[in-house]
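Worksheet: one structure, shown below.
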Amino acid sequence: MERSESILKKIVILLEMIQFKLTIFAMPFAFTGAFLAGRGVPKWSALLWVVLAMVGARTCAMGFNRIVDRKFDQSNPRTAARAIPAGAVKPWEAWAMVILAGMLFFFSCLQLNTLTLQLSPFALGLTLFYSLTKRFTFLCHLILGVALAFSPLGGWVAVAGTLTDYPYALSLGVLFWVAGFDTIYACLDADFDRKNGLYSLPSRMGKGKAFRLAGLFHILAFVFFLLTGWQAHLNIYYYAGLVLAAAALFYQHMLVKPEDLSRIQASFFSMNGFISVTIFVATLLSLMTLGK
């Protein structure tokens, strides 16, 4: 009994370490791609494997990020309490989680179709590669955007088994949406990154200019989300959802300022989760009402 409680406690710590709840950022976009490919609700078996693939990929990538960044996390007052630098999780335990999550990802892709499996090494490799990019390029935020842009593309391929007719504007929208909010979030560590030779847009150009660039990224994101509606032949429900998502994004930029980052956690977690879920629900409503 005591051993079982210890294992359960360790699992909870590992899930908290990788911020498992933030899977909500990318999962709705994977569903968006899947539902667009099926022009409605896909087979439940396909959705199940998409969910497991997304959980595996994100868990693997976040675990890897915590491992390779553990020395920086230990030196940074904001992150020193994270599980590995604090000693709550041993590196070998984190590696075990990363390996098991990677196996789950590849096994899930195997259950879908050939193209999904063929694309899987590149998709996972890119998410792992992102964790190293702050060491040599301030474009790391865009690289993270590219990695997460595979979410809707992966959802589409999982259902359709082909890239034919995929609305690439959707992935471009995700790319710039992610790059925008990651640039804002990086402002928390701008001074630390500058002192420790790490690269980010805020550390290179200052928080004020980085915020303005993040705003430009988000404008581009919604231009591409609008184009997605046109490419996918969606109706007014989709565009109404985009209005709500745009309002949430505008509120995010009003809530957080370069000189006041105190509310960035609320902005980062709640608003971005709301945006991804809203776009998926709007897509679903549009698909369910086409022709009515």
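For the stretch 112-172, which fully contained helices (runs of 4 or more DSSP H) count at least 1 residues that are farther than 30 Å from R194 by Cα?
Numbers: elements: 114-133, 140-148, 150-160.
Output list reads 114-133, 150-160.
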Name the one entry in T79, T116 that is more than 13 Å from G56 (Cα to Cα), surrounded by 20 or more Cβ atoms within 10 Å (Cβ to Cβ) and either of a type in the set (S, T, Y) or touching a strand residue (DSSP E or B) at 6+ places or on another chain (Cβ under 7 Å) (or both).
T116
Given the conditions (1) without any contact (Cβ under 8 Å) to a residue 40 or more places away in the chain; (2) within 19 Å of R39 (Cα to Cα), every one holds for L284 apart from (1)
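Between S262, S267, which is over 16 Å from P167 (Cβ atoms) and either assigned to a loop (DSSP other than H, G, I, E, B) or modelled with pLDDT of 80 or more (or both)? Talk me through it step by step, then tell me what you get.
Numbers: S267 fails: either assigned to a loop (DSSP other than H, G, I, E, B) or modelled with pLDDT of 80 or more (or both).
The unique qualifying residue is S262.
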For the stretch 253-285, give me each residue that is crowded, with 21+ Cβ neighbours inside 10 Å and over 17 Å from the mean Cα position of the chain (by Cα).
V256, A282, T283
Which condition does F35 not pass, out of (1) crowded, with 20+ Cβ neighbours inside 10 Å; (2) at pLDDT below 85, if it passes all the others?
(2)
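For the structure I just gave you, tell me whether K10 is modelled with pLDDT under 65 and touching an Asp or Glu at 6+ places or on another chain (Cβ under 8 Å).
Numbers: modelled with pLDDT under 65: yes; touching an Asp or Glu at 6+ places or on another chain (Cβ under 8 Å): yes.
Spelling it out, K10 is indeed modelled with pLDDT under 65 and touching an Asp or Glu at 6+ places or on another chain (Cβ under 8 Å).
Give me a count of the residues in the stretch 203-218 that are in contact with a Gly (Cβ under 9 Å, 6 or more places away or on another chain) and either buried (at least 18 other Cβ atoms within 10 Å of the Cβ) or aliphatic (A, V, I, L, M) (or both).
Of all residues in the stretch 203-218, those in contact with a Gly (Cβ under 9 Å, 6 or more places away or on another chain) come to 213-218.
Filter once more, keeping what is either buried (at least 18 other Cβ atoms within 10 Å of the Cβ) or aliphatic (A, V, I, L, M) (or both): 213-214, 216-218.
The number of residues fulfilling the criteria is 5.
Does F224 satisfy being surrounded by 14 or more Cβ atoms within 10 Å (Cβ to Cβ) and closer than 19 Å to G33 by Cβ? Spell out how you get there, then give the answer.
Working: surrounded by 14 or more Cβ atoms within 10 Å (Cβ to Cβ): yes; closer than 19 Å to G33 by Cβ: yes.
So F224 fits the description; yes.
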Cβ-Cβ below 9 Å, separation at least six or inter-chain, first residue in the stretch 176-188 and farther than 21 Å from S151 by Cα and surrounded by fewer than 23 Cβ atoms within 10 Å (Cβ to Cβ), second charged (D, E, K, R) and at pLDDT below 95: which pairs?
L188/R78
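The values are calculated or read from the model by the stated rules, or taken from the named source; none is laboratory data. These figures come from a predicted structure and were not determined experimentally. Using ideal geometry, Cβ is built from the backbone for each residue, glycine included, and neighbour counts are taken over all protein chains shown.
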